[in-house]
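Below is one structure; the comments refer to it alone.
The values are calculated or read from the model by the stated rules, or taken from the named source; none is laboratory data. Just so you know, these numbers come straight off a predicted model, no measurement behind them. Cβ placement follows ideal geometry from the backbone for every residue including glycine, while neighbour counts extend to all protein chains displayed.
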Amino acid sequence: MVSIEETLATATGAHMEPLPHGPKDVRLITQLNRLRSEPVCRAYVLHGECWLQKEQREHEGGQGTSGSWCRYAHPPGAELCEFRAQVEALRAENALRAQRIRVLTRDTERPQCKHWLLKRRCCLGDACKFHHASEQERIELERLSAAAAGGSADPALSLPLRQIERRPCGRKLVRNLHRATALRYWLIQWLGRERLRSGSGVVDVAGGKGELGFELVNLNRIGTTVVDPRVPNVGRYVRKWNRNHYHNPSVSSLREELNDEPRVEGRQPVAPANVRVFFGPWLYDAHTDASTRERDYYASVAEATMIEWTAQGLSRHESAPALPSRAELLARPDVTDFHSACELVADASVLVGLHPDQAAGAIIDAAILLRKPFAVLPCCTYSKEFPDRRTPSGEHVKSYEQLVPYLQAKHAAIQATTLPFEGRNVLLFADFR
């Protein structure tokens, strides 16, 4: 096997040490990959060879007749050397940021937690012995740091407190990996476990891969149904479960407090239930004729079965045949009949939408009509799909800053709060009981 020393020596003409194999360095590679349009294979960077490539060569007898089994990039020596330099530069920058925090807080009684300042989260939670600064304290630290940086030769003080990372498309990289856990915690605190378990349970509208439903079902024994045109793909969360991610106290003291279901060796998690349909008035508007609603429901189900998800979002199959008939739909095991779907929504304990895209307004409309509690985190505006949305001043709703007050104005009982993650974290909620 070609070592990374030989690869780098070929590229630069000099002998270089391999990258360390510690977990921090693996995380640095992952962090850099998030900013690349074509992520690099970590095994190739660390060891000089990808195990999938090696297995492929053995399987094909060195012929190389098919495409690469590994979906990640394997750059040539010069590019690999450049990537390695980026890892080392990022490691040095992170060390400077940690030093900067120590310099800024060396005179305080309780030093600042570097993880909290840099990422706005700490795996130890309340058990952390360091101070978790409030937003106002963080802003004050930034101000003091900027003032100190002017007359200081310390390179640590010249860095911003937070590093702004951007994706290859230019969009800011938002740290919201634990948004489902944050919403789950908030729901339990708001309505309580018993009320969430009542009726048909939680209805997670536009729940996507089903992360929120997976956690509610397997960690809290709260029945959850994902209403979404795609079938939940919980493979990633099953792998987390098998790695003891959800039951590890060191991950978060909050998670340990939330869990009602202890980890039992050998017990496999289950996926949340799924109604494969677009969420719309056909599911909740009793003022519309039942036959019309039923017709629209099956048309929506038929459209959902023809949809595929890409990196750019929803798209219809290029070679999709004509929409299936109602009889063909009812013969499919993944299709829920009209009356069962309507009863599920009408008997829900709460309607939830975690960044539900176009369905945000429909969730609030359904909750108002059915007098159901709801919690929605709006995200994208989709102004072209909703040309009739207007602000009180008559302007077309085109931005997130306009969307949130527009949705909140649908009913006087709707309140707003924020959840502890970055990005679109404004939560609209109401309980009409």
Just checking, which of Thr305, Thr292 is at pLDDT 90 or above and in the same structural domain as Ala348 (by the TED database)? Thr292
Here the qualifying pairs (Cβ atoms under 9 Å; residues six or more apart or on different chains; first in region 66-94 and touching a residue at least 12 places away in the same chain (Cβ under 8 Å); second among the aliphatic types (A, V, I, L, M) and assigned to a loop (DSSP other than H, G, I, E, B)) come out as Cys81/Met16; Arg84/Met16; Arg84/Leu19; Val87/Leu19; Glu93/Leu159
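Tell me, which residue of region 285-296 that is in contact with an Asp or Glu (Cβ under 9 Å, 6 or more places away or on another chain) and either of a type in the set (A, V, I, L, M) or in contact (Cβ under 8 Å) with a residue 40 or more places away in the chain (or both) is farthest from Phe338 (Cα to Cα)?
Within region 285-296, the subset in contact with an Asp or Glu (Cβ under 9 Å, 6 or more places away or on another chain) is 285, 288, 293.
Filter again for either of a type in the set (A, V, I, L, M) or in contact (Cβ under 8 Å) with a residue 40 or more places away in the chain (or both), leaving 285, 293.
On the way: Asp285: 13, Arg293: 9 Å.
Per the criteria, the residue is Asp285.
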Could we say that His355 is within 20 Å of Phe278 (Cα to Cα) and out of contact with any helix residue (DSSP H, G or I) (no Cβ under 7 Å at 6 or more places or on another chain) here? yes
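Any residue in region 331-340 that is surrounded by 20 or more Cβ atoms within 10 Å (Cβ to Cβ), part of a helix (DSSP H, G or I) and either of a type in the set (Gly, Ala, Ser) or modelled with pLDDT under 95 (or both)? Show your work before the answer.
Taking region 331-340 as the starting set, the residues that turn out to be surrounded by 20 or more Cβ atoms within 10 Å (Cβ to Cβ) are 335-336, 338.
Checking the rest, the ones that are also part of a helix (DSSP H, G or I) come to 338.
Imposing the further condition that a residue be either of a type in the set (Gly, Ala, Ser) or modelled with pLDDT under 95 (or both) reduces the set to 338.
Scanning region 331-340, I find at least one residue that is surrounded by 20 or more Cβ atoms within 10 Å (Cβ to Cβ), part of a helix (DSSP H, G or I) and either of a type in the set (Gly, Ala, Ser) or modelled with pLDDT under 95 (or both), so the answer is yes.
Restricting the search to region 388-433, which residues are of a type in the set (S, T, N, Q), in a loop (DSSP other than H, G, I, E, B) and closer than 21 Å to Ala206 by Cα? Can you show your working first?
Applying the first criterion (of a type in the set (S, T, N, Q)) to region 388-433 yields 391, 393, 399, 402, 408, 415, 417-418, 425.
Subsequent filtering for residues that are in a loop (DSSP other than H, G, I, E, B) retains 391, 393, 399, 425.
Passing the criteria: Ser399, Asn425.
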Quick one: is Glu385 among the charged types (D, E, K, R) and in a loop (DSSP other than H, G, I, E, B)? yes
Would you call Thr10 outside the structural domain of Cys128 (by the TED database) and at pLDDT 65 or above? no
Exactly one condition in (1) at pLDDT below 90; (2) outside any helix (DSSP H, G or I) is false for Glu257; which is it? (2)
Reported set for region 62-111 where residues are at pLDDT below 75, surrounded by 13 or more Cβ atoms within 10 Å (Cβ to Cβ) and among the polar types (S, T, N, Q) is Ser68, Asn94, Gln99, Thr105
